[in-house]
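Presented below is the structure to which this report refers.
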């Protein structure tokens, strides 16, 4: 019962470096999401996807790009990391627009 | 703009007590409300999902209710155990800014001591 798996779990980047966070789900869900969680700000939606080959912006998309080349994978990219992107990133998936959302274990990213 | 508030922010109780965690939202136009549990340094575990047409959902010792008209949801935990210690988050799903999203409360941090 893997559910939603995120890779890596921890990462430290220097300002200006790039990286990609991988999210994989084995539940055949159409919808996938990337959130960030910050103290005092709660969870905020970065980008989401409503199916393979589709992506859309959430409420805090600046500085991030995403791709959904395969239904089971949703990638989050940081082209030029900034200290403001230090956060815990969560991936989630759901079978439909208004169905139960399932979350991964998170990636703790620190940008120095 | 939807705002989700959870009260109390923190709660410490002895083992065995029955608990009520509160979640209120300002905009009743939600599709559903979901309760999550988050352990320190971990991800979110889905506990219960209540669709807007439902009044409550139950799973084991957990019972969640939803009153859209008053903008409230409660999570009832019966016979609390130390293993219930975690942060509990509620999230309302609604159409906002042109897309469908979960709007989270800040959470209630629960500590159950033996």
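Coordinate-derived values only; no laboratory data. On a predicted model such as this, the values are computed, not experimentally measured, just so you know. Because the Cβ atoms are built from the backbone with ideal geometry, glycine has one as well, and the counts that use them run over all protein chains shown.
Per residue of A:96-103, count partner chain C-beta atoms within 10 Å of its C-beta, then hand back the mean as an integer. Mind showing how you got there, number by number?
Numbers: counts 1, 5, 10, 6, 7, 9, 4, 7.
What the average comes to for A:96-103 is 6.
By its C-alpha gyration tensor, with a ≥ b ≥ c as the square roots of the eigenvalues, how is region B:22-108 shaped: rounded for a/c under 1.5, else prolate for a/b larger than b/c, else oblate?
Oblate.
Taking the Cα centre of each part, how many Å lie between region A:79-108 and region B:49-78?
25
Using Cα pairs closer than 8 Å and at least 6 residues apart in sequence, work out the relative contact order for chain A, in percent. If you can, show how the numbers build up before the last one.
Details: 295 pairs, mean separation 40.2, N = 112.
Over chain A, the number comes to 36 percent.
Across peptide B:37-46, how many C-beta atoms of other chains are within 10 Å of each residue C-beta, on average?
Averaged over the peptide's residues, the number is 5.
Looking only at A:71, A:14, A:57, which one moves most when chain A is put into a Gaussian network model with springs between Cα atoms under 10 Å?
The residue that fluctuates most here is A:14.
Below 8 Å, C-alpha to C-alpha, sequence gap of six or more: please give me the relative contact order for chain B in percent. Write out the running numbers ahead of the final one.
Values: 293 pairs, mean separation 41.1, N = 114.
Relative contact order of chain B: 36 percent.
When Cβ neighbours within 10 Å are restricted to other protein chains, what is their mean count per residue of peptide B:100-112?
Across B:100-112, the average partner-chain Cβ count within 10 Å equals 3.
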